[in-house]
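Presented below is the structure to which this report refers.
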Amino acid sequence: MKFRPSYKHPLFPYHRMAAHHFQYRCRFLTSFFAKRVHQAARARATFNGDHSGGSEGGSYLVPGATVATILMLGALHARRLYDDRKVEEARGRGVEFEFQPDVKASFLRLLPLRTISRFWGLLTSVEAPVWLRPYICRAWARAFHSNLEEVALPLEEYASLRDFFVRSLKEGSRPIDPDPKCLISPVDGIVLRFGELKSTGAMIDQVKGFSYSVSSLLGGNSMLPMMAERTHQEDVIIDNPGTEESKKSWWRVSLASPRVRDPVPGCPMRGLFYCVIYLKPGDYHRIHSPADWNILGRRHFSGHLFPLNERATRTIRNLYVENERVVLEGLWQQGFMAMAAIGATNIGSIELYIEPELRTNQPKKKLAHTEPPDEQFYGPEGGGIAVRRGDEVAAFNMGSTVVLVFQAPTAESPSVKEDSSPGFSFCVRRGERIRVGAALGRWH
């Protein structure tokens with residue numbers, strides 16, 4: 001006798017009921033969202049004083065852009081969770097990533113990342129309905145761990161996602177270290193690398209196995225204090241480059257960027273330090289002054305907009321040198337200081353509060369490294385602009401990276417020798433999260 005299933009009673013009633021319930025929930029959410037979109041469109045049309053049926057076709061622009069923004073946030077959040085998990089697992093095992101280019105890094109060079117970044121900027125600048133603004137800000141904060149308790153304004157007052165990116169904070173949210181003999185962090189972020197520049201060519205490790213020169217980062221016309229050669233034999237021993245990869249990195253930058261290479265690779269003067277801080281998308285995006293200093297000029301390099309995440313730093317050569325960036329240079333009480341704000345994918349726009357007319361990531365810009373950077377000197381006859389420690393200087397339109405290069409006292413400095421003090425020393429660790437106003441290092 002053959003078995004004939006009955007069609008009156010399902011074989012798996014629970015799964016069929018679950019599927020029916022899921023379809024009901026989907027129809028309910030779809031109808032609910034459609035009603036809210038229709039209400040927002042009618043409210044906008046009424047507010048604009050247009051009661052005719054002709055305006056009905058363009059009333060769905062804002063909700064459509066909002067849906068696209070939410071989908072983009074979801075994709076970014078999923079990618080961030082995956083990358084963060086891999087990085088944390090590696091750090092837990094004590095593994096340091098080495099430089100290893102791959103096919104994906106080469107593929108990025110074929111993508112119109114500058115155009116994509118401009119489109120993302122337009123998308124995030126679309127004004128959202130007032131009732132939807134808190135939901136967008138909370139969705140972003142939930143995805144990228146932003147602290148909403150610090151924002152200075154109610155969420156309804158951030159008309160677009162871009163306004164929320166460059167938000168200000170409540171007064172007192174970032175206290176400044178009162179010690180006058182310390183250098184404070186200019187941004188919220190993660191300390192990637194720091195140290196003293198000693199090797200020939202003033203090289204900074206991008207990642208283990210690959211380095212880039214500070215001269216290429218800041219530009220050939222930089223006031224970077226360098227010496228043509230070492231004057232003490234002990235300096236030659238201490239500062240001899242440790243790996244062959246550093247030399248190869250220097251020559252790659254030299255050949256790709258002849259305008260920003262010094263004719264003779266010199267050695268940095270004693271007491272020249274650096275610090276690299278990475279800002280995540282959910283971080284506070286304004287850049288503050290790390291000290292009382294006089295900003296003498298600005299240098300804008302129009303370059304690529306590669307991502308600056310962990311994977312990009314270990315797969316793309318000369319990442320910080322090739323990306324678009326704005327470099328501020330000047331003097332503080334201890335000598336030279338430079339701060340480089342480096343753009344990335346979807347962060348092509350870097351705003352300078354001391355120069356509001358500056359525009360970055362503009363179309364029809366030549367990306368050849370032979371093109372000299374756009375330079376601007378501040379103050380009457382280049383006298384500079386004085387800024388105080390903690391003052392707002394610039395802002396990113398998302399997360400990115402800041403590289404700080406500065407002179408500071410060392411144990412061999414005349415003023416330090418008299419007091420028998422060790423000189424400047426960093427008080428942070430690699431991978432540590434730091435906030436604006438916290439001390440990066442101190443001297444005695």
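Readers should treat all values here as calculations from the given coordinates under stated rules, not as data from a laboratory. All figures in this text were calculated on a predicted structure; none of them were measured in a lab. Cβ atoms come from the backbone with ideal geometry, glycine included; neighbour counts cover every protein chain shown.
Counting other beta carbons within 10 Å of each Cβ, put Ile295, Ile350, Ile116 in order, fewest first.
Lowest to highest Cβ neighbour count: Ile116, Ile350, Ile295.
Determine ³J(HN,Hα), in whole Hz, for all residues of the range 428-444 in sequence, where each value follows from phi through the Karplus function 6.51 cos²θ - 1.76 cosθ + 1.60 and θ = phi - 60°; x replaces Gly and Pro.
10, 10, 5, x, 7, 7, 9, 10, 4, x, 6, 6, 7, x, 9, 9, 10
If we count other beta carbons within 10 Å of each Cβ, what is the order of Tyr378, Tyr135, fewest first?
Arranged by neighbour count, lowest to highest, Tyr378, Tyr135 become Tyr135, Tyr378.
So who's got an amide H within less than 5 Å of the one on Ser168, skipping anything under 5 residues away but keeping other chains? H placed 1.01 Å off N, in plane.
Ala152
If a/c stays under 1.5 just call it rounded; otherwise compare a/b with b/c (prolate if a/b is bigger, oblate if not). Do that for the range 94-158, with a ≥ b ≥ c from the square roots of the Cα gyration tensor eigenvalues.
Judged from the Cα gyration tensor, the range 94-158 comes out oblate (a/c at least 1.5, b/c at or above a/b).
Going by how many other beta carbons lie within 10 Å of each one, how would you line up Trp131, Trp120, Trp293, fewest first?
Fewest to most other Cβ atoms nearby, the residues stand as Trp131, Trp120, Trp293.
Taking a 30 Å limit on the Cα-Cα distance, which of the listed pairs Lys170/Lys280; Lys104/Lys198; Lys104/Lys208 fall beyond it?
Lys104/Lys198
What shape does the range 319-362 take by its C-alpha gyration tensor, where a ≥ b ≥ c are the square roots of the eigenvalues and a/c under 1.5 counts as rounded, a/b above b/c as prolate, and the rest as oblate?
Oblate shape, in that a/c is at least 1.5 and b/c is the bigger or equal ratio.
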